[in-house]
Every structure is written in C-alpha cells, then in structure tokens.
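Each value in this text was obtained by applying a stated rule to the coordinates, not by laboratory testing. Predicted model, so just to flag it, every value in this text is computed and none were measured. All Cβ positions, even for glycine, are placed from backbone atoms using ideal geometry, and neighbour counts span all protein chains on display.
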Amino acid sequence: MKIFNPFSLLVFLSFTTISISSHLFSPLDNYLINTGSTLSTTFNNRLFTPEHSSFSTSPHSISITNQNPFPNSPSIYHTARVFTKSTKYTFPVKTKGTHFVRFHFHAFNSSNLDLGHAKFQILVNGYVVLSNFTRFLSDCVKNPRVVEYLIWVDYEKVEIVFVPEKDLNFGFVNAIEVVSAPNDLVLETAQFLSEEGLKSFDDLNKQAFEVVYRVTVGGPKVTPFNDSLPRTWVTDDEFLKSSDGSERFYFGGRINYRVGGASREVGPDNIYNTARLIKSKNDYVPNVNMTWVFPVVGGYKYLVRLHFCDIASISMRLLYFNVYVNGYLALEDFDLSLVTNALASPFYADFVVDGDSSVGALNVSIGPSKSTLAHVVDGMLNAVEVMKLNNTHKSLDGNVCANFVLNSHRSSGNTGILLTLAAAACIVLSLSIVIRRRIVESRETVSWSRLPVNLSEDSVKG
Ligand SMILES: *[C@@H]1O[C@H](CO)[C@@H](O)[C@H](O)[C@H]1NC(C)=O
Ligand SMILES: *[C@@H]1O[C@H](CO)[C@@H](O)[C@H](O)[C@H]1NC(C)=O
Ligand SMILES: *[C@@H]1O[C@H](CO)[C@@H](O)[C@H](O)[C@H]1NC(C)=O
Ligand SMILES: *[C@@H]1O[C@H](CO)[C@@H](O)[C@H](O)[C@H]1NC(C)=O
Ligand SMILES: *[C@@H]1O[C@H](CO)[C@@H](O)[C@H](O)[C@H]1NC(C)=O
Ligand SMILES: *[C@@H]1O[C@H](CO)[C@@H](O)[C@H](O)[C@H]1NC(C)=O
C-alpha cells in the first residue's frame, strides 16, 4: 500500500510554484472589471468581468453604452459606468505589497451624455491619485487612455472612490484593474540624486506612484501581448533630444535573466533586446551625450528607472560610460559587466529626483567616461521608466488631501476659499473623518442592482 507523504507533496508544490513563477507571473489578486457592462469581454488576452454588486456601495450611478463605437474598437470601451455622487469600489486583496491599479478611459457620446464633460477626482486607499481629470481628457477622446498607479497595500483591501467635482458634475470609467505586482517590481530603497550627490531613499515601495512614462529605447513599441505584466512601452523618438552619433541596436539572441539583476517581470525581453548606442569611430571616442527629455509637472519627486542590458559588446569589461539624471552624475564609469557578470544580462538602476517646476522636465544623458575605450561601444540605454511619487499631502495630483476631497464634495459653498485652507483643514478633518465615515458607510449600502432609472439630462450635465 502506498503511504501518502505530506512532505513530498509540499516539496513538489513548492517546486511547481518556483518553476511556474519563473516562467509566467500569475498575480494572486487579479480583478479585471468591465465597468458599466453586464458582459464579460476578453481584452489583450485577459478576461474582464462585469461588476459584482459587492464591489461598490453607491446607488448614484448608471451604465451607459456607446451606440456608435469606432470600428475595431475593443468592446471593453463600448460601455462606461457614470457616477453622479461619490462612489466606492472595494476590492479585497490576498497579498500585502505593491498593486497595480489601472483605469481605462475612453470618452464617448451616448444618447444624452457627452463623457467629454466629466470632472471628477479619484482616491485610492487614502491617496488622491487624480484630482484634475481634464489633464487626461484630450488623450482619451480619439483613443482609449490607460492610467496606471502603483499602490502599496498594507491591509486587506483596495478602496477606490470616484468623486464628481461638484454636485452637478459626473465621473466615469470604462474598466478598472486591481492586480498584485511581483515582489521585486518596486524595492525598498533607491538612490536620491540631487546637487548634493547620491544618498539613500528609503521606503520606496511604500510610496504611491503614477506611471508617467514607460519607454523602450531604440526599438519598436512593446505591447501588452509581449509583456507578462501587460504593460505598454512606447518608443523613445519623441523624447530623444540629442542623438549625435548614436545608433539603434537590435539583438536576436537570448536575454540572460539572472538572480540579482532585473527579472522578466521588471522588463520583458522585447525592451532588453533593443537599445541605442554610442560607438567609437575607429580609434576616436566621440565626445557626445545621448539625451532624453521627459516633460513633467514640477513639485513632485520622480522615480527614474534606467534599464541596461549589454547586447552589443563583443566581450565583458569593454563598455564604460557615465549616466546623468538632470545633469547630475548618477553612475560614473559604469561597468555593466561588473554587476551582471555576463553579456546580454539585464540590470536596472533606480534614482529618485526632484521635479523642478521652473524646468518642467527631467532629463537623462548617457555619454563616454574617463575609462571609455576606443574601437568599442561607449554608451548604451535600453529603456526608461518615469514614475511620479505622492507628495506630503498623500496626493499625486495637487495639494489637497483625500479627506478634504471627500468632505468638500459633500458640503456646498465657496470651494475656492476652502481650497486655500485645504492644508490646514486636512489635519482637522482627519480627526473627524472617522466619525463621518461610519455615518456614510451605514448610509450607502445599496448594491449595483438598484440603479437610478430616471437620471435626466439636466442632472448629469455640468
Ligand atoms: C460629443 O459630440 C459633440 C458634438 O458633436 C462633440 O463636440 C464632442 O467632442 C463629442 N464628445 C466626445 C467625447 O467625443
Ligand atoms: C486641469 O488640467 C487642465 C489641462 O491640463 C488645465 O488646463 C487646468 O488648468 C487644470 N485645472 C486645475 C484646477 O489645475
Ligand atoms: C511581439 O514581439 C515580437 C518580436 O519579439 C513581434 O514580432 C510581435 O509583433 C510582437 N507582438 C505584438 C502583438 O506586439
Ligand atoms: C537637464 O536638466 C537640468 C536640470 O533640470 C538642466 O539644467 C539642463 O539644462 C537639462 N538639459 C537638457 C539637455 O535639457
Ligand atoms: C553630458 O552631460 C553632462 C550632464 O549634463 C555634462 O556634464 C557633460 O558635459 C555632457 N557631455 C558632453 C560631451 O556634452
Ligand atoms: C507619500 O505618502 C506617504 C504616506 O503614505 C509619506 O510617508 C511619504 O513621505 C509621501 N512621499 C513623499 C515623497 O512625500
């Protein structure tokens, strides 16, 4: 008789998990919601399901359908949920750690509502992630726009609140994703780079981030189809400002992912097998930089993640270069093979910098260093990500904190004056919010099925 051995099962299971996770990341929390629809739909090979009544607790919403969608537009963008009052979605999560929170927006005209007039704010777990939807509006009329945030989740849920700007205004969303991220996506520390040089930036993973740019350098656009965390990496052409002597490079071999370097989740093969290079012309090392400029809103800190993979050198210890962020030396005489110990092996470096309001842009430069050799490759970059960090008001969009957003929405009155008092009010409100929240929670417990049917045109037009 065979005796069941629980230990061997455990060993078997843990090995299976390891081998699965090294091939394909499968998130434990994976909510893909086709808001405003009663149907499931597949988009980018992922199944988006209709809203479940337990996700939200507000009756002040309707679902609308685009009667004249663009030909070939994915069906996920044919419906939207429209909110006329603050509406909360609650997603229970299984894993503590960084989560992707993505919102899909495609403004359309339905029979009596132009989504192009929406004015609303979004809160996620007490962060103001979006306070001025207008800044995304022009992007999401012709084509859909996906806005992505990375949020550290300490407790058991992700709470998303849509707050229409005024009582007569409204918000909308076509789809929502709440997906756990791999543990190594955002680490605990980065380097803070300023005129004083480099110093440690701790608790990086506890910040909230808005993904502002995700750029593959030298290669074609990378679509969610070729990224295990379905991300889009746009081309660098519009950001590359000075490219004297640089060239694109494509590598057809295998990308050598190694422990301690970047994993395939940090960056897919398609971003590492292309790059831009500076190369010697015979025995002459060109005295140039490749520079990329990224327009940003000032007054926030930004995480600049630089991806490197030496796909072009003929052997190790030949490539040395300098890396500058905002003109400050970030990596000096950088020898990629020293950290990867192999060719075609991905590596990334994280720098936190201040976004300067007067400049309105971040820049990254790569150029030869004092150790650069002739006859070989003299500088390289494969990809860049730029992510905005929340400010001290726990906001990614303005200086108004979440409690104030919730309360100013409920009270009518002169919000202009109220806004200037916002900072002070946040402190007071945070004391009273607990009491108010209890009242609100006991009031708003109606499920999705009870939607208002008599929402007239007047009541939703701003
Ligand atoms: C809706 O239609 C109006 C009138 O044709 C147009 O001005 C507006 O831009 C449209 N809105 C969207 C989001 O397409
Ligand atoms: C919101 O964004 C729009 C477009 O970027 C801008 O014109 C407007 O001034 C912003 N509003 C506020 C209150 O910041
Ligand atoms: C995926 O990447 C391969 C090259 O690695 C490319 O040929 C293909 O077009 C890409 N697919 C999509 C859908 O982007
Ligand atoms: C890069 O940024 C720094 C600091 O903001 C600025 O002084 C410099 O002029 C910028 N360089 C380019 C090429 O934009
Ligand atoms: C490259 O950029 C850095 C930082 O802005 C600057 O100090 C250096 O002089 C530049 N090198 C060249 C050759 O322009
Ligand atoms: C972001 O918010 C957290 C609170 O959750 C705060 O500790 C941190 O200092 C904020 N980040 C910045 C850069 O102000």
Hz values of 3J(HN,Hα) by residue in the range 275-290 - Karplus curve (6.51, -1.76, 1.60), Gly and Pro given as x:
7, 10, 10, 10, 10, 5, 9, 6, 9, 10, 8, x, 8, 9, 10, 8
Under 18 Å Cα to Cα from residue 94, which lysines show up? Leave out anything in the same chain fewer than 8 places away.
157, 206
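Could you order the peptides 241-249, 106-114, 340-348 from most to least packed, using the average number of other C-beta atoms within 10 Å per residue? Mind showing how you got there, number by number?
Values: 241-249: 15.9, 106-114: 17.7, 340-348: 19.8.
Put in order of decreasing packing, that is 340-348, 106-114, 241-249.
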Just add up the charged neighbours of residue 92: K/R +1, D/E -1, any other residue whose Cβ is under 13 Å from the Cβ of residue 92.
0
Compute the distance from the alpha-carbon center of the range 374-403 to that of the range 161-233, in whole Å.
9
Once the piece of chain linking residue 234 and residue 198 is laid out straight, how much longer is it, given 0.36 nm per residue of separation minus the C-alpha distance between them?
10.1 nm
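Any chance you could run the full-extension gain for residue 30 through residue 42? It's 0.36 nm times the residue separation minus the Cα-Cα distance, nm to one decimal.
Working: separation 12, 0.36 × 12 = 4.32 nm, distance 1.42 nm.
Between residue 30 and residue 42, full extension yields an extra 2.9 nm.
To the nearest 20 Debye, how big is the dipole of the range 111-233 about its Cα centre, given +1 on the beta carbon of each Lys and Arg and -1 on that of each Asp and Glu? Display every interim value, and only then the final one.
Working: 11 positive and 17 negative charges, 115 e Å.
Result for the range 111-233 is approximately 560 debye, rounded to the nearest 20.
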Arranged from highest to lowest average of other beta-carbon atoms within 10 Å per residue, in what order do the peptides 142-153, 38-49 appear?
142-153, 38-49
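Convex hull volume of the Cα atoms in the range 190-389, per residue, in Å³? It would help to have the intermediate numbers written out before the result.
Numbers: hull volume 23.6 nm³, N = 200.
Value for the range 190-389: 118 Å³ per residue.
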Using mean Cβ contacts within 10 Å as the protection proxy, how do 260-270, 224-234, 67-77 order, highest first?
260-270, 224-234, 67-77
How would you classify the range 252-320 from its alpha-carbon gyration tensor, with a ≥ b ≥ c the square roots of the eigenvalues: rounded for a/c under 1.5, else prolate if a/b is greater than b/c, otherwise oblate?
oblate
